[in-house]
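Shown next, in structure tokens, is the structure this report addresses.
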Amino acid sequence: MSGAKDDVILRMKDLKINIRVDEGVLTVVRGVDLEIHKGETVGLVGESGCGKSLTSKAILGINDKKCRAEGQILFDAEGTGMTDLLSLKPRGREIRAIRGKQISMIFQEPMVAFSPMYTIGNQINEATLLHITKDKKKAKEISLDVMKKVGIANAEKRYDQYPHEFSGGMLQRALIAMALVCNPKLLIADEPTTALDVTIQAQILELMKTLQKDFGMSILFITHDLGIVARMCDTVAVMYLGRIVECASAVEIYGNPMHPYTRGLLGSVHKIGTKGQKRLFSIEGTVPLALNLPKGCGFYERCSKRIDGVCNVQDPQLTDLGDGHRVACFACAGCPGKEEPVHE
Amino acid sequence: MALFKKKKATDESYYLASQWALMWRKLKKHKLARFSLSILAVLYVLSLFADFFAPYGLEEFSSVYKNTSPTRVYWRDEDGRLSRPYVYKLKKVNDRKTFTVIISEDTSQKYYVAFFVPGVEYKLLGFIPCSTHFYGLVNEDGVPDRSARLNIFGADSNGGCIYSRILFGGRVSLTIPFVAAAISFVLGILLGGLSGYFGGWVDNVIQRLIEVLSAIPSIPLWMALSAAIPPGIPVAAMYLYITIILSFIGWTGLARVVRGKFISLRNEDYVMAARLAGVSDFKIILKHMVPGFLSYLIVSLTLGIPGSILGETSMSYLGLGMKAPATSWGVLLKETEDLVSVAQCPWKMIPLIFVVITVLAFNFLGDGMRDAADPYK
Amino acid sequence: MLKYVGKRVLLFIPTLLIISILIFFIIQLPPGDYVTSYVAAMAAEGEIFTPEQIEGLRAQFGLDDPWYVQYFNWMKGIITRGDFGYSFEYGRGVWSVIMDRLYLTLAVSFIILVFQYVVSLPIGIFCANHQYSVGDYALSFIGFIGTATPNFLLAIIIMYIIYIRTGNVYLGLFSTEMLQNGMRWEYVPEFLGRCLIPILVIGTSGTCGIIRTVRAQMLDEQARQYTLTARAKGCSEAVITYKYCLRAALNPVVSGLAGSLRTIFSGSTVSAIVMNLAIQGPVLLAALKSQDMYLAGTIVLIQAVLVLVGTLLSDIALAWLDPRIRFSERG
């Protein structure tokens, strides 16, 4: 697809993920459309259980066997061009050549992301040996080089140490090193700083920003922390109950949030500088269980702007409001009765 | 950070349900565990009311029926018409030519299978005098007749009904593991608790003891211990001895678990809080710590029961446990000691089926309980 | 590492002492002693001893001392002269009685141990990798039956089936021809065939236990985050299974080594009696029954020592396998 004017490297089309459980089949991700451009950082925001982690793992095809993904995930793979990742066998050779090489991932809890049985060096080097070179000496050089780049001091000594000899922050750096060693096009960061101290968090985020510039990769940043999103992301997609309910540039989301859920999320963030005693806003109610989803908008029961007779009957679709600000809400984008969306 | 309040009432009942209610709910969903539980219930009921369900008493032997195969039940009469099920009596015939005794069916008279017939007298549950048996034979006049026998699983070398003896044997084989488990349970909690709670030299001594006991292979140890049982003691005392011997090793595994749990719980805030509030050590252990892992203990107990069932069987089999006329499944299986008797009387292996089923049922139940013990998973 | 091994070996000695005391105490627990059962046996044959003669026998065997004195003398003999005492039944030294069967016992136990791991590891891995498949269910079912059947009865069943199929009775490890003519090359196949039954019988319950452990462990490990990391890195499933999961799943398997030895000794004791194997089990039972206490004591002691050595070896193997243990021990 080289030379196309849009530099999209990943495009999800109507991604659905089902999980088989004892009680039946849960549709946890209910149709996600998302694009990631070259060099862009996209934030995927939502509360626990909204399906953001499953979505990100679906890209690599590393979800549990109980999960089944439908739809399309097109990736601009090296050599083969736009490839639907979902059409590849999840245990096959093609997808494995993409994993770790062109798309890599870092995880929430660095403390358990490494096997305690092998040295950090061994585990980082494994990726190098798999994807770059079979030459052991050269591979070690490359791995050490990346370890230095992510700020692991005394890398030669650290290379031969075991995970339990590392601190949480250092392990996250090592995990990032492992993800970046093959210079991937896309880095998926699944809540990479949630388990870390605040000061370490800041360091890691700073590191990721610098590395993104150096390596020129795109990042899909998954988090529930809006503060991090504001700091890191160019584009933000807000997810609720397996759907993207609002998607816009970070500036737009913070300056002009449309969806009541986004507003709720922003209202519940404590802003420095606001005057004293104001209570944090909290969204009423809980997320409905995915097993018995109500008809209509998933946010209907908790929404302050709901329109009875519309929102509880029809499911709103993402609608572009202009400037690429898309929102799935009848109250913001107009009712279907009043005829179609403004754009498109 | 988003703060979400107010849970639905239905959700709340799930989160507020007691540990036991949750475990039970989970266990009921586990099909295999539920099935095992009902099998065990049937087995226990059968042996509790063994006097009633068994057609013959513990000491009712018939010399004619020695080593005979399961009694053949006829469904059709001589003309091939469907009939009320009946059997023939066995009789001894001396073959004058070969000087051998031949056992054959005496077809002169039919004995019909009937339910709720009077038989040998017994005391139901130990105190209700009764003589009705679940099934038995009646002659053509409808009068109960005990000269013919219906041994559905055949007869042993004394001419006892194997089916009846399995039910009576179940009283020993099914309860010994339980009593042994109860003793192991108390010992395990006590010694494991002391070890984990106090630490220091107490811990050291108990740990060495466990190490020592678990280094000696169990059957040789059991053999040595049962060799020490004085011969000719009453059945009840024998029962007690065997139980104690079986629980001799059982507690060590449990004590290890308890110790581990105590060590991890000892540093929990709520235990510290209780200690600071001046609650006695004993009360802390019993009220605050044990309930926290009781479900795990019960699970490991259930999984430990099969071991003692097999232990009792092996010991009786070697002639070191219960001895006739008292019976247990091991005693019954002793008849299969050599290949010849198995080859001649394969039905003597039937008690083995009961052993295997019981052990399997306890294993599956334990597995189900282990899954259920972690209800939020 | 060396220091750790040294420490473990030192701890080994007091444990061994306590074990020997315990064993001796239990062995002499039955009322009466060898002289009692000897006199009873002789009386059955019509030879009656006078009380003086009986006392004389007791004094001769040192049985009139209290048990701790007897224990002390026994231990003294073992430590100073390597003398494990006297077998009344056989009328010679315990050690020479044991040596008759020691090599065969050890060989049989060792073969069973190897058999257990060789069979159960691949099956356990297969079951975990194909969880809830037909193969998994079938193998698990067989495994459950295997653990639920007392192995001495399994012996009877297998022998019965062989008897029905072939009409031959395979009792013992050696046929009469072998015993008469000595071991010849042409007997080797039959000997191996005869070995197979005890291996199956004694090894089955342990094998099934290990399969269940391996399966559960592998499933646990597969659910761990590092498996996901490895997969995200592009590792093949084989690397994930063998390099990552299996390595971690081996821990409980290795630490169960001593337990396996214990079950083998336990199982072989009863099964050997049923199958008439020329190993230590039947001798032990006979010695216990006739209160030939030094012989019984030594056999149980040897088994316990082997289990302890097994524990030691598995602890060392564990420290070698798992860097976390290795490091905590170093510090």
TODO: Provide a single number: the residues in segment B:342-355 that are more than 9 Å from chain C (Cβ to nearest Cβ), at pLDDT below 85 and surrounded by fewer than 18 Cβ atoms within 10 Å (Cβ to Cβ).
DONE: 1
TODO: Please tell me if residue B:10 is surrounded by fewer than 17 Cβ atoms within 10 Å (Cβ to Cβ) and either assigned to a helix (DSSP H, G or I) or at pLDDT 75 or above (or both).
DONE: yes
Open item on the list: So if I check each of A:93, A:99, which one is touching a residue at least 24 places away in the same chain (Cβ under 8 Å), under 21 Å from residue C:238 (Cα atoms) and among the charged types (D, E, K, R)?
Closed with: A:99
Open item on the list: With the requirement that a residue be buried (at least 20 other Cβ atoms within 10 Å of the Cβ) and more than 7 Å from chain C (Cβ to nearest Cβ), what does segment A:93-107 give you?
Closed with: A:95, A:98, A:102, A:103, A:106
Open item on the list: Of the residues B:322, B:315, only one is of a type outside the set (D, E, K, R), surrounded by 23 or more Cβ atoms within 10 Å (Cβ to Cβ), part of a helix (DSSP H, G or I) and within 20 Å of the chain's Cα centre (by Cα); which?
Closed with: B:315
TODO: Could you check how many residues of segment A:200-230 are modelled with pLDDT under 85 and of a type in the set (Lys, Arg)?
DONE: 0
Open item on the list: Which pairs turn up if I take residues in segment B:298-324 that are away from chain C (no Cβ under 11 Å) and of a type in the set (Gly, Ala, Ser) and look for partners that are surrounded by fewer than 20 Cβ atoms within 10 Å (Cβ to Cβ) and assigned to a loop (DSSP other than H, G, I, E, B) with beta carbon separation below 8 Å, at least 6 apart in sequence or on another chain?
Closed with: B:324/B:158
Open item on the list: Going residue by residue through segment C:188-211, is there one that turns out to be over 21 Å from residue C:136 (Cβ atoms), within 11 Å of chain A (Cβ to nearest Cβ), surrounded by fewer than 17 Cβ atoms within 10 Å (Cβ to Cβ) and of a type outside the set (A, V, I, L, M)?
Closed with: no
TODO: For segment B:273-281, indicate whether the set of residues that are in contact with a helix residue (DSSP H, G or I) (Cβ under 9 Å, 6 or more places away or on another chain) and modelled with pLDDT under 80 is non-empty.
DONE: yes
Open item on the list: Restricting to segment B:150-161, and then to whatever is among the small types (Gly, Ala, Ser) and surrounded by fewer than 22 Cβ atoms within 10 Å (Cβ to Cβ), can you tell me which residue is modelled with the highest pLDDT?
Closed with: B:154
- [ ] Looking only at segment C:84-107, decide whether some residue is touching a Gly at 6+ places or on another chain (Cβ under 9 Å), surrounded by fewer than 17 Cβ atoms within 10 Å (Cβ to Cβ) and in a loop (DSSP other than H, G, I, E, B).
- [x] no
- [ ] Check A:149, A:136 and return the single one that is surrounded by fewer than 17 Cβ atoms within 10 Å (Cβ to Cβ) and out of contact with any strand residue (DSSP E or B) (no Cβ under 8 Å at 6 or more places or on another chain).
- [x] A:136
Open item on the list: I need a count of the residues in segment A:116-128 that are among the hydrophobic types (A, V, I, L, M, F, W, C) and either modelled with pLDDT under 90 or over 27 Å from the mean Cα position of the chain (by Cα) (or both).
Closed with: 1
- [ ] Check segment C:153-163 and report whether any residue there is buried (at least 17 other Cβ atoms within 10 Å of the Cβ), more than 10 Å from every other protein chain (Cβ to nearest Cβ) and either over 20 Å from residue C:101 (Cβ atoms) or within 20 Å of the chain's Cα centre (by Cα) (or both).
- [x] yes
Task: Criterion (modelled with pLDDT of 85 or more and out of contact with any helix residue (DSSP H, G or I) (no Cβ under 7 Å at 6 or more places or on another chain)) met by exactly one of B:147, B:164, B:131 - done: B:164
TODO: Restrict the check to segment C:79-89 and report whether at least one residue is among the basic types (Lys, Arg), within 29 Å of the chain's Cα centre (by Cα) and within 14 Å of chain B (Cβ to nearest Cβ).
DONE: no
- [ ] Report whether or not residue A:125 is without any contact (Cβ under 8 Å) to a residue 60 or more places away in the chain, within 14 Å of another protein chain (Cβ to nearest Cβ) and either within 30 Å of residue A:155 (Cβ to Cβ) or β-branched (Val, Ile, Thr) (or both).
- [x] yes
- [ ] Pick out, from segment C:222-331, the helices (runs of 4 or more DSSP H) lying fully within it that include 1 or more residues that are away from every other protein chain (no Cβ under 11 Å) and without any contact (Cβ under 8 Å) to a residue 60 or more places away in the chain.
- [x] C:247-255, C:293-321
Task: Sole residue being crowded, with 20+ Cβ neighbours inside 10 Å and either free of Cβ contacts under 8 Å to residues at least 40 places away in the same chain or in contact with a helix residue (DSSP H, G or I) (Cβ under 9 Å, 6 or more places away or on another chain) (or both), chosen from B:197, B:270 - done: B:197
TODO: Looking only at segment B:57-75, decide whether some residue is closer than 28 Å to residue B:326 by Cα and assigned to a strand (DSSP E or B).
DONE: no
TODO: Kindly list the number of the only condition in (1) over 24 Å from the mean Cα position of the chain (by Cα); (2) modelled with pLDDT of 90 or more; (3) more than 9 Å from every other protein chain (Cβ to nearest Cβ) that fails for residue A:133.
DONE: (2)
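The values are calculated or read from the model by the stated rules, or taken from the named source; none is laboratory data. Note that the coordinates shown come from a computational prediction; the quantities given were computed from them, not determined experimentally. For neighbour counting, all protein chains shown are included, and Cβ atoms are generated from backbone atoms with ideal geometry for every residue, glycine included.
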